[in-house]
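Read through the structure below, which is laid out as structure tokens, and then see the notes.
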Amino acid sequence: MIKVGVFGAQGRMGSEVVKAVEGAADTELVAGVDTAEEREAVRGADVVVDFTHPDAVMDNLRWLIENRVHAVVGTTGFDDARLARVRELLAANPGANVLIAPNFGIAAVLMMSFAAKAAPYFESAEIIELHHPNKADAPSGTASRTAELVAAARERAGSAPMPDATTAEVPGARGAEVAGVRVHALRITGMIAHQEVVFGTHGETLRIRHDSMNRESFMPGVLLGVRRVADLPDRLTLGLEPLLGLD
Ligand SMILES: NC(=O)C1=CN([C@@H]2O[C@H](COP(=O)(O)OP(=O)(O)OC[C@H]3O[C@@H](n4cnc5c(N)ncnc54)[C@H](O)[C@@H]3O)[C@@H](O)[C@H]2O)C=CC1
Ligand SMILES: O=C(O)C1=N[C@H](C(=O)O)C[C@H](O)C1
């Protein structure tokens, strides 16, 4: 049995993780912790899953690493500076591995992988992400990661800069730029998590779209992370790709 704790247990994702952990044959819930509850409640857990808030996750991670508890992190908001800090904490404290994935949906991971594969073949690439209006961060972690993957694939291929004649712009009309790729964030009641990567070249376009229809859709990926995190070859693993044989 893998003993699992959940940070953010009352939230949209955390409550789903609690159900998934309780429902799986090889995992056992030690405790679910939300704000104002003591992290100590998860002591004894082999792995803690964190779906909290970008403002809370770094402190949670520090606690987990210092207490040698493996961490599976879905919370977004990781930039280079935060990742460097996680590496520093890992170097100073033996014992725990960390898996951080901006998206635990298997189809979402495939969508990012297909987008990276397509990127060198098109002049233009932009990303539209659509989420529920309660989301705290924009653009989404998934969109940022997709932009980075697309940019890296274009750079490896020696792609020319994307054509764009815009000289007059209402601020924001062309979206945000992440690693040189335009990202447009929509917040729409009734939606969960969706993304379209739009590619174009002369006379042809390609749109790669992913839709999460509910939060249960993330659970196979989360459980895969819970089962594998202790044995991953690197102390810090970014994205679910290596666990799916995709990198
Ligand atoms: N990687 C992935 O596949 C996915 C990632 N996410 C990300 O997960 C995060 C949470 O999303 P939701 O569940 O929709 O948010 P939510 O707001 O529904 O849930 C967050 C929960 O964390 C709690 N919380 C905040 N600080 C805490 C702390 N220090 N300790 C314990 N609990 C704390 C809140 O009270 C709340 O109950 C966001 O960053 C979101 O982008 C969401 C869906 C999928
Ligand atoms: O907040 C959400 O809901 C989601 N967050 C993650 C992100 O920012 O990419 C994953 C998914 O898009 C749902």
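The values are calculated or read from the model by the stated rules, or taken from the named source; none is laboratory data. Since the structure is predicted, the reported quantities are computational estimates derived from the model, not experimental observations. Cβ: placed from backbone, ideal geometry, glycine included. Neighbour counts: every protein chain shown.
For (1) more than 22 Å from the chain's Cα centre (by Cα); (2) aromatic (Phe, Trp, Tyr); (3) near ligand 1 (Cβ under 10 Å from one of its atoms), each residue gets a yes or a no:
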position: Ala9; (1), (2), (3): no, no, yes
position: Gly14; (1), (2), (3): no, no, yes
position: Asp26; (1), (2), (3): yes, no, no
position: Ala41; (1), (2), (3): yes, no, no
position: Ala45; (1), (2), (3): yes, no, no
position: Asp59; (1), (2), (3): no, no, yes
position: Leu64; (1), (2), (3): no, no, no
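For the range 66-85, the set of residues classified as within 10 Å of ligand 1 (Cβ to nearest atom) and of a type in the set (A, V, I, L, M) consists of Val72, Val73, listed by residue number. When the test is whether a residue is farther than 24 Å from Pro220 by Cβ and either surrounded by fewer than 21 Cβ atoms within 10 Å (Cβ to Cβ) or not aromatic (Phe, Trp, Tyr) (or both), Ala107 does not pass it.
Would you say Val226 is closer than 13 Å to Glu129 by Cβ, among the aliphatic types (A, V, I, L, M), touching a residue at least 40 places away in the same chain (Cβ under 8 Å) and not in a loop (DSSP other than H, G, I, E, B)? Break it down into steps so the answer makes sense when it comes.
Values: closer than 13 Å to Glu129 by Cβ: no; among the aliphatic types (A, V, I, L, M): yes; touching a residue at least 40 places away in the same chain (Cβ under 8 Å): yes; not in a loop (DSSP other than H, G, I, E, B): yes.
No: the conditions fail for Val226.
The set of residues from the range 33-51 being surrounded by 23 or more Cβ atoms within 10 Å (Cβ to Cβ) and not in a helix (DSSP H, G or I) comprises Val33, Val47, Val48, Val49, Asp50, Phe51.
For the range 186-207, a residue qualifies if it is surrounded by fewer than 19 Cβ atoms within 10 Å (Cβ to Cβ) and either among the acidic types (Asp, Glu) or under 19 Å from Ala115 (Cβ atoms) (or both), and the qualifying residues are Leu186, Glu196, Val198, Gly200, Thr201, Glu204, Thr205, Leu206, Arg207.
Scanning for something farther than 22 Å from Leu240 by Cα and of a type outside the set (Ser, Thr, Tyr), does the range 99-121 turn up at least one residue?
Filtering the range 99-121 for residues farther than 22 Å from Leu240 by Cα gives 120-121.
Then keep just the ones that are of a type outside the set (Ser, Thr, Tyr); that gives 120.
Yes, some residue in the range 99-121 is farther than 22 Å from Leu240 by Cα and of a type outside the set (Ser, Thr, Tyr).
Within the range 143-152, identify whether any single residue is more than 26 Å from Thr75 (Cβ to Cβ) and modelled with pLDDT of 95 or more, and answer yes or no. No, there is no match, as no residue in the range 143-152 is more than 26 Å from Thr75 (Cβ to Cβ) and modelled with pLDDT of 95 or more.
Within the range 140-158, which residues are away from ligand 1 (no atom under 15 Å from the Cβ) and either in contact with a helix residue (DSSP H, G or I) (Cβ under 6 Å, 6 or more places away or on another chain) or assigned to a helix (DSSP H, G or I) (or both)? Lay out the reasoning, then the answer.
Residues of the range 140-158 away from ligand 1 (no atom under 15 Å from the Cβ): 147-158.
Of everything in the range 140-158, those that are away from ligand 1 (no atom under 15 Å from the Cβ) and either in contact with a helix residue (DSSP H, G or I) (Cβ under 6 Å, 6 or more places away or on another chain) or assigned to a helix (DSSP H, G or I) (or both) turn out to be Ala147, Glu148, Leu149, Val150, Ala151, Ala152, Ala153, Arg154, Glu155, Arg156, Ala157.
You will find that of Arg228, Arg235, Arg215, the residue that is within 15 Å of ligand 1 (Cβ to nearest atom), in contact with a helix residue (DSSP H, G or I) (Cβ under 7 Å, 6 or more places away or on another chain), within 26 Å of Phe7 (Cα to Cα) and modelled with pLDDT of 95 or more is Arg215 and no other.
So which residues in the range 208-217 are among the acidic types (Asp, Glu) and either surrounded by 12 or more Cβ atoms within 10 Å (Cβ to Cβ) or under 15 Å from Val181 (Cα atoms) (or both)? Matches in the range 208-217: Asp211 only. Scan the range 167-182 for residues that are of a type in the set (Val, Ile, Thr), under 21 Å from Ala138 (Cβ atoms) and in a loop (DSSP other than H, G, I, E, B) and jot them down. Across the range 167-182, the qualifying residue is only Val170.
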